[in-house]
Each structure stands twice: as C-alpha cells, then as structure tokens.
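Some notes on the structure that comes next.
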Amino acid sequence: MRGAGSLLASLIDRASSLTGALAAMLLLGMMLLLTTEVILRYGFNTSTLIADEVGAYALVALIYLALGHTLQKKKHIIIDV
C-alpha cells in the first residue's frame with residue numbers, strides 16, 4: 001500500500017506542476033493577445049474582435065489550472081480579518 005500511495009502522490013505532484021506550467025503559458029498568451037489588441041486598436045484603428053471573449057475564457061482557465069500548483073506550494077493569498 002505504501003508504494004501505491006507514494007506513486008499516486010508523485011503523479012499528483014507531476015500533474016500539478018504541469019498545470020502550473022500550462023497556466024504560465026496561458027498567462028503569457030493572454031498578455032500577447034491583449035498587447036496586440038491595444039496596438040491594433042490605438043495604432044491602426046482596427047480590432048481583433050475576439051480579444052475580450054478569449055481573454056475572459058483564458059482567465060477562468062488560468063485560475064483553475066493554477067489552483068493545484070498554488071495549493072501544493074502553499075502560496076495562496078491569506079487575508080486576516
């Protein structure tokens with residue numbers, strides 16, 4: 001039993017690291033998309049027409065993908081009232 005538990009813990013750690021890396025890449029993609037949108041809108045008076053919607057969905061995906069990594073590293077925000 002002990003071997004199966006450590007194997008499961010190892011798989012969870014790897015999955016958490018993978019989703020954290022995916023979240024980081026998603027954040028970079030969001031930054032590039034929004035930067036492109038701003039440059040197109042103010043520099044060329046046009047738009048990508050999808051930046052707002054894709055940005056909103058990407059933000060939701062980013063939160064869920066980063067949650068496991070954040071909880072594993074104990075780096076979540078704690079607010080004392």
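The values are calculated or read from the model by the stated rules, or taken from the named source; none is laboratory data. Every value quoted in this text rests on a predicted model; they were computed, and no experiment measured them. Don't worry about glycine lacking a Cβ; one is built from the backbone with ideal geometry, like all the others, and counts go over all protein chains shown. These accessible areas exclude ligands, DNA and RNA; they are computed on the full protein's heavy atoms, side chains included. Shrake-Rupley method; radii C 1.70, N 1.55, O 1.52, S 1.80 Å.
Relative to the longest principal axis of the Cα atoms of the chain, the long axis of helix 51-73 makes an angle of roughly 20 degrees.
Helix-only mean residue ellipticity at 222 nm, the chain, DSSP H runs n ≥ 4 weighted -39,500 (n - 2.57), per residue, nearest 500. What is it? Working shown, then result.
Working: 2 runs with 65 residues, N = 81.
Computed mean residue ellipticity for the chain: -29000 deg cm²/dmol.
With all protein chains in place and a 1.4 Å probe, the accessible surface of the chain carries 71 percent carbon and sulfur. Report, to the nearest 10°, how far helix 2-43 tilts away from the longest principal axis of the Cα atoms in the chain, using its own Cα long axis and a range of 0 to 90°. With both axes taken from Cα atoms, the answer is about 10 degrees.
Please give the peptides 30-41, 45-56 ranked by average Cβ packing (other Cβ atoms within 10 Å per residue), highest first, as a rough proxy for protection. Can you show the working numbers first?
Numbers: 30-41: 13.7, 45-56: 11.7.
Result, highest mean first: 30-41, 45-56.
Across all C-alpha atoms in the chain, the radius of gyration and Dmax reach 18.0, 63 Å.
With a Förster radius of 30 Å applied to the beta-carbon distance between Leu59 and Arg14, the computed FRET efficiency rounds to 0.75. Annotation: per residue accessible area for the chain equals 83 Å², rounded to a whole number [probe 1.4 Å, protein chains only].
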